[in-house]
Amino acid sequence: MTMDTLQILIAMIVYMAAVIAIGIVFAKKANKNSENYYLGGRSLGPWVTAMSAEASDMSGWLLMGLPGVAYWCGLADAVWTAIGLAIGTYLNWLIVSKRLRRYSIRANNAITLPEFFSNRFREKKKVILTIAALFILVFFTVYAASCFVTCGKLFSTLFGLDYKIMMFIGAAFVLLYTILGGFLAESASDFMQAIVMIIALSVIVTISTISAGGISAVIENAQAIPGFLDFFGLATPLTDDNGVQLVTNGTALFGDATPYGWLTIASMMAWGLGYFGMPQVLLRFMAIRKEKELKLSRRIAMIWVVISLAVAVFIGIIGRQLFPTETSLITKSGAESIFIHLSTSFLPPLLAGFVMAGILAATISSSDSYLLIAASAFAKNIFQGVVKKNATDKQVMIVTRITLLTIAIIAMLFALDENSVIFNIVSFAWAGFGATFGPLMLFSLFWKRTTRAGAVAGMIGGAGMVFLWKLVISELGGVFAIYELLPAFIFSSICIIIASLLTKKPSKEIEEDFEAVKNGVAEITNI
């Protein structure tokens, strides 16, 4: 190990020690009871709520996946995705946050998303709760796998060690941290990690732009590549049979730009729809200490999101000028390491280590959320809600830890392929959550006529369409090659409307709950 590598490692160890310390500090309070462990006792302040929501949302995808897309094929895919995410973030904070916090209290003080849906419809047979919990287990396992892939790529790129070993070490660290501190520790560290992430992005984009000769030089280089800087066109790297971009005389080869129509733009902007069903964000709305503080949280979140997304996209554009033919970058999967190459190339080793901690921060802030929510879906909702209704808090906590370990192991198996593209893994899980829970969340909060049957139909229809569109229909190509979230979200909404109108309208008690929440009343009701 060289001295430079050693300094990077030391910086990252210091960072990881700080994260573990946070877990230890909050461990006692978090383990007091399951409400504290899963929702922090609804005690989050506006800054922590906003920053932790966005850090857990963006994950390593922000620092590796999004720059990688921009590096590989230019502006269009990355920027339209970013615009969709920014709009989705704003609308979610604006129209969902206040009513969800209020309704989650009204619905017998629900502390998980499946519990909220179940209590919202006052179901006695926990069908909604079970289905929601199972889908959370499936999609968050996939999500956790994307985070472990990020860990493996980060450490193997930095230290030249085996990807699988590095992925296992990263996963073990995340698992240990999540078991220690629960939601409070996760939210507190996510606040710190959100700060680390935006500093890391800002430092790298500034240093890289200077090294590239300024913004004008970056733009001039990008304009020379067909479609690379177009909003309505896509660059097309020419590759060999192994997916490696062809290089001639030190120049990376591109074909003609691919047209980028309005249907494709709508497809990429549909990423924003995912926010309405994203548990790791929605739980922050439920956990804030005061409803009126959500307005400040929204402003903080939007500033962070807009800056972070814009900088992440620009980093990919800069990277294409500075490292156009770097062997380890000129595949679709390898392109996701551009942030690492920029950091290690232009920063002193110790500082690069702290910037690399930004990737680790993004990964930890998301994977701990995913693992914790998935574990709560089984332990709190299925084990205590269905299997053993008289389970004690202590038993629930034990089952939670066993579930955490099981999910982590399955996610590690999914992450064994080092050629996995983080962007693709995240996009599938994002579509799964967005279509399964997004329409149901909106209809539950804003349409009084929504019924229990509509809720079940919407979840199954949305999730089923994600799999069907991704694995079967999209293979037809053409107009069918759009992002699966868009058609699945629409189909789920249709299922909710039709099933609700074909079944008996909600009971008087359910309608009273709806009207009370609509009018600003949030007293707990016994279900």
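The values are calculated or read from the model by the stated rules, or taken from the named source; none is laboratory data. Predicted model, so just to flag it, every value in this text is computed and none were measured. Quick reminder, even Gly has a Cβ in these numbers, built from the backbone with ideal geometry, and neighbours come from all protein chains shown. For the accessible areas, the whole protein counts, side chains as well, though only heavy atoms, and no ligand, DNA or RNA atoms are used. Shrake-Rupley method; radii C 1.70, N 1.55, O 1.52, S 1.80 Å.
Points worth noting:
- Any hit, the stretch 197-214, residues being touching a Pro at 6+ places or on another chain (Cβ under 7 Å), modelled with pLDDT of 90 or more and under 30 Å from T5 (Cβ atoms): no
- Taking the stretch 204-217 as the range and being open to solvent by 40 Å² or more (accessible area, probe 1.4 Å) and closer than 22 Å to L63 by Cα as the test, the residues that pass are T206, I207, I210, S211, I215.
- Within the stretch 488-515, being among the aliphatic types (A, V, I, L, M) and either more than 29 Å from A431 (Cβ to Cβ) or touching a His at 6+ places or on another chain (Cβ under 9 Å) (or both) holds for one residue alone: I510.
- Cross-chain or 6+ apart pairs with Cβ under 8 Å, the stretch 365-383 first and under 16 Å from S118 (Cα atoms) and assigned to a helix (DSSP H, G or I), then of a type in the set (G, A, S) and modelled with pLDDT of 75 or more: A377/A132; A377/A133; F378/A133; N381/S118; N381/A132; N381/A133; I382/A133; F383/A391
- For the stretch 102-128, a residue qualifies if it is closer than 19 Å to L372 by Cβ, open to solvent by 10 Å² or more (accessible area, probe 1.4 Å) and part of a helix (DSSP H, G or I), and exactly one does: E115.
- Verdict on V138 being buried (at least 24 other Cβ atoms within 10 Å of the Cβ) and either within 22 Å of the chain's Cα centre (by Cα) or part of a loop (DSSP other than H, G, I, E, B) (or both): no
- Annotation note: of I307, I318, I303, the sole residue that is farther than 19 Å from T236 by Cβ, crowded, with 24+ Cβ neighbours inside 10 Å and either β-branched (V, I, T) or touching an Asp or Glu at 6+ places or on another chain (Cβ under 6 Å) (or both) is I318.
- Within the stretch 81-114, restricting attention to residues that are under 29 Å from V396 (Cβ atoms) and of a type in the set (S, T, Y), the residue that is modelled with the lowest pLDDT is T112.
- Restricted to the stretch 470-488, and to residues there that are more than 22 Å from the chain's Cα centre (by Cα), of a type outside the set (D, E, K, R) and in a helix (DSSP H, G or I), the residue that is modelled with the highest pLDDT is I473.
- Those residues of the stretch 12-59 which are at pLDDT 65 or above, part of a helix (DSSP H, G or I), small (G, A, S) and open to solvent by 20 Å² or more (accessible area, probe 1.4 Å), in sequence order: A17, A18, A21
- Top-ranked residue in the stretch 429-462 [being farther than 24 Å from S146 by Cα and aromatic (F, W, Y); ranked as most open to solvent (accessible area, probe 1.4 Å)]: F446
- M465 among the aliphatic types (A, V, I, L, M), in a helix (DSSP H, G or I) and open to solvent by less than 20 Å² (accessible area, probe 1.4 Å): no
- Long-range neighbours under 7 Å by Cβ, at least six apart or interchain, first residue at pLDDT 95 or above within the stretch 442-469, second of a type in the set (D, E): K448/E511; R452/E123; V466/E484; W469/E484
Matching residues to (1) modelled with pLDDT of 90 or more; (2) surrounded by fewer than 24 Cβ atoms within 10 Å (Cβ to Cβ):
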site: I165; (1), (2): no, yes
site: F168; (1), (2): no, yes
site: L180; (1), (2): no, yes
site: A185; (1), (2): no, no
site: F191; (1), (2): no, yes
site: I219; (1), (2): yes, yes
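- The set of residues in the stretch 141-163 being in contact (Cβ under 8 Å) with a residue 24 or more places away in the chain, among the aromatic types (F, W, Y) and open to solvent by less than 30 Å² (accessible area, probe 1.4 Å) consists of Y143, F148, Y163.
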